[in-house]
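Rule-based calculations on the coordinates, nothing more; no lab input. Not measured: the values here are computed from a predicted model. Note: ideal-geometry Cβ built from the backbone for every residue, glycine included; neighbour counts use all protein chains shown.
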Amino acid sequence: MPALRVGVLFSERTDLADALCELASRDPAVRLVAAATDRDHEPGTTPPGVPVRAFPAERYPDRIQRDLALAEWLGSHEVDLAVTAGWLWLLTPEFLDRFPNRVVNVHPTLLPAFPGRHSVEAAVAYGVRVHGVTVHLVDAGVDTGPILAQAARNFPEPAPAASVRAALAPIERELLGRVVEAFAHGRVVHHPGNGRWAISS
């Protein structure tokens with residue numbers, strides 16, 4: 001089976017993209033072949049050995065045009081799976097149509113609770129004590145795509161959002177890696193009868 005060609009989209013955070021780079025270094029079934037970001041990063045802060053291109057919003061007339069450029073960039077690198085890893089923008093149908101059921105996102109709450117930006121802050125304000133991470137397929141909604149995997153951690157005492165985010169970061173990296181590996185090894189299964197997605201053992 002040929003290696004899964006992965007393209008990653010990220011904004012300010014680079015640790016999730018770095019985790020995918022580390023995954024590719026130890027699993028020959030995964031290749032990180034392209035990275036896209038919405039801003040300029042300092043040299044040496046992006047995944048090493050991976051082509052990186054910046055797509056700042058101000059360079060494009062609208063989101064559709066930028067997403068078409070993003071899709072063209074990833075397509076030129078023959079990406080099989082696009083991963084939004086700290087990417088802070090909704091993707092338009094024009095992008096998603098290029099990668100049907102092949103766009104994965106990692107989100108720092110237990111969806112469907114607290115979708116969108118500032119989700120950890122919303123969970124903390126609500127009084128949540130069990131925080132977690134979701135990896136899901138991306139659709140045209142706000143964190144509404146089919147859930148592929150989740151992991152949780154109990155916080156017996158109230159914690160500020162920054163502390164919760166810091167505690168969840170390694171869980172995000174680990175869970176995202178597990179899902180990408182599952183795609184690479186053909187273990188992500190769609191059940192047409194009920195529309196559900198699952199990861200086989």
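Using DSSP H assignments, which helices in the chain have an axial alpha-carbon span of 30 Å or above and a mean Kyte-Doolittle hydropathy of -0.5 or higher?
The answer, listed by residue number, is 161-184.
Out of E174, E78, E42, any idea which swings most in a Gaussian network model of the chain, alpha carbons joined below 10 Å?
Result: E42 has the largest fluctuation of those listed.
Please report the net charge: other residues with Cβ closer than 13 Å to the Cβ of H41, K and R +1, D and E -1.
Result for the local shell: -3.
Give me the net charge for the shell around A159: Cβ to Cβ below 11 angstrom, other residues only, Lys and Arg +1, Asp and Glu -1.
Charge balance in the 11 Å sphere: +2.
What residue among G186, L91, G49 has its Cα farthest toward the positive end of the dipole of the range 4-199, where the charges are +1 on Lys, Arg and -1 on Asp, Glu, each on the Cβ?
Positive-end residue among those listed: G186.
Using a cut-off of 13 Å between beta-carbons, work out the net charge of the residues near L91 (Lys and Arg +1, Asp and Glu -1, L91 not included).
Values: positive: R63, R66, R98, R102; negative: D38, D67, E94, D97, D139, D143.
Local charge sum for L91: -2.
So if I place +1 on the C-beta of Lys and Arg and -1 on the C-beta of Asp and Glu, and nothing else carries charge, what would the dipole magnitude of the range 58-197 be about its Cα centre? I want it in debye, nearest 20.
The calculated dipole for the range 58-197 is roughly 380 debye.
List every residue whose amide H lies under 5 Å from the amide H of V83, counting only residues 5 or more places away in sequence or on a different chain, with H placed 1.01 Å from N in the peptide plane.
Residues meeting the amide H criterion: G7, V8, L9, V104.
For q values of 0.13, 0.14, 0.16, 0.17 Å⁻¹, compute log₁₀ I(q)/I(0) with the Debye formula on a Cα-only model of the chain, without solvent.
-0.70, -0.81, -1.06, -1.20
Using only alpha carbon positions, build the gyration tensor of the range 60-108, then give the equivalent ellipsoid semi-axes as the square roots of 5 times its eigenvalues, largest first, whole angstrom. It would help to have the intermediate numbers written out before the result.
Values: eigenvalues 52, 42, 17 Å².
Taking √(5λ) for each eigenvalue gives 16, 14, 9 Å, largest first.
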